[in-house]
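Chemist: Once you've had a glance at the structure underneath, I'll fire off some questions.
The values are calculated or read from the model by the stated rules, or taken from the named source; none is laboratory data. Note that the structure is a prediction, hence the values are computed from the model and not measured. FYI the Cβ positions are ideal-geometry reconstructions off the backbone, even for glycines, and counts take in every protein chain you see.
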Amino acid sequence: MHIVDKILRSINYTLRNHYNIYVPIEDWELFKTPLTNINGTVDYNRFLDRQEKSLELIQIILDRHGKGEIVNFLAELARIEPRIQELQPRVRDHVVHAINTFLLGVYILKKVRFPEIVNTRFNYKFMWKLCGPTHDLGYPLEISDNVANPFTSKVNEILGRIGSPSPRIIPDIYPINLDTLCNGLNANDLIQERIVEWDLDVDIENYYTWLRLQNRVDHGVISALAQLKIIDALYQRHNQHREEREIIFNGLNYNQRNFIYDIVSASSALFIHNIDLEYPGFTTKIRFETAPLAFLLFLCDTFQEWDRYSQNRTIHSGNDFNITCERNRISLFVPNELADRVLSTLNRRLIGLTIFVNDRIAVT
């Protein structure tokens, strides 16, 4: 059975009655079959159809809480990725991946006993709708940086050979003012505070310094800052004085406490989900009891490898993946050639919930 078929059989009721997501069953069909045909070749038209349907579904998911503006980022990503393949042939799909990641998280939240969240007004369902579908919305900027890197690196290399005192080119890690919010708030400060509350040792400014030295952009950073900036603007529109009281508009609550707790937590999970395993400043693992939302996003993002289109990489069928969950244990099954990498990645970053990969223990 295709893993998405299994997941949907379990969560169809949950999507409707707990997430208020009403999607006709036929709209899910595209996600329940492999991208490859019986002869092993990729059906590119099927991928394009799935990508288009993903954007429609993300719109449905986010509109419930008035965050549909975020979908514009994903629409841009969908248009950029196919065109960028010639320059970056190893680029993988991140649009369909967003839907599959979301569905996987809904399934795990239903099956596993999660700890009570500290500093929240709502629940996992609300915050997961702001994590699963949007965690890679900053990927276009990372792609463009990867394309620009050879040029900037070559200029700096030539300057070095000449022995010139000319200042070296230093690409910035995100656009100016992306971190600047309304009323003098700064997104980095809010995220840093939440990371500290989660008992993680990541110092954001130190991480930014490391990224600059590596001449890299992290799409997780872009995703977090962009999401927080957009939602902050929505709150400012309907709660100009950012009052901590119930302010209802079109059925949505713009109490500032919702922003400080739930929205910042969701964006903080986006921020840390893609931090490179080789970055030396991330030494404390993400603990299930302390940072369950960040734990869930990292787990889902790492495991979701099925049917991810790429022009120049192996595409693994969803028929070759499986997951079983108990209240306090998860067992993942992946193709053998992926097992070591998935196990190692989870082991290096997560702690506090038992996770097996192909019957080998990865997280304790």
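Chemist: Looking for whichever is β-branched (V, I, T) and under 30 Å from K154 (Cα atoms) here; the options are V202, V217. Which one fits?
Modeler: On inspection, the qualifying residue turns out to be V217.
Chemist: Shifting gears a bit: How about segment 195-219: which of its residues are modelled with pLDDT under 95, in a helix (DSSP H, G or I) and in contact with a helix residue (DSSP H, G or I) (Cβ under 6 Å, 6 or more places away or on another chain)?
Modeler: H219
Chemist: Touching a helix residue (DSSP H, G or I) at 6+ places or on another chain (Cβ under 6 Å) and within 26 Å of S54 (Cβ to Cβ): which single residue out of F295, F333, F321 fits that description?
Modeler: F321
Every residue, every condition in (1) in contact with a Leu (Cβ under 6 Å, 6 or more places away or on another chain); (2) hydroxyl-bearing (S, T, Y); (3) under 21 Å from H273 (Cβ atoms); (4) loosely packed, with under 13 Cβ neighbours inside 10 Å, yes or no:
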residue	(1), (2), (3), (4)
R327	no, no, no, yes
L350	no, no, yes, no
L353	no, no, yes, no
V357	yes, no, yes, no
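Chemist: Does T314 count as part of a loop (DSSP other than H, G, I, E, B), among the polar types (S, T, N, Q) and free of Cβ contacts under 8 Å to residues at least 40 places away in the same chain?
Modeler: yes
Chemist: Also, I was wondering about something else. Output the number of the condition that T290 fails; it satisfies all remaining conditions of (1) more than 23 Å from V217 (Cα to Cα); (2) touching a Gly at 6+ places or on another chain (Cβ under 9 Å); (3) in a helix (DSSP H, G or I).
Modeler: (3)
Chemist: I158 versus (1) at pLDDT 80 or above; (2) surrounded by 15 or more Cβ atoms within 10 Å (Cβ to Cβ): which is the lone unmet condition?
Modeler: (2) is the only condition that I158 fails.
Chemist: Let me ask something else. With the requirement that a residue be under 17 Å from T209 (Cβ atoms), part of a helix (DSSP H, G or I) and either aromatic (F, W, Y) or modelled with pLDDT under 95 (or both), what does segment 259-285 give you?
Modeler: F271
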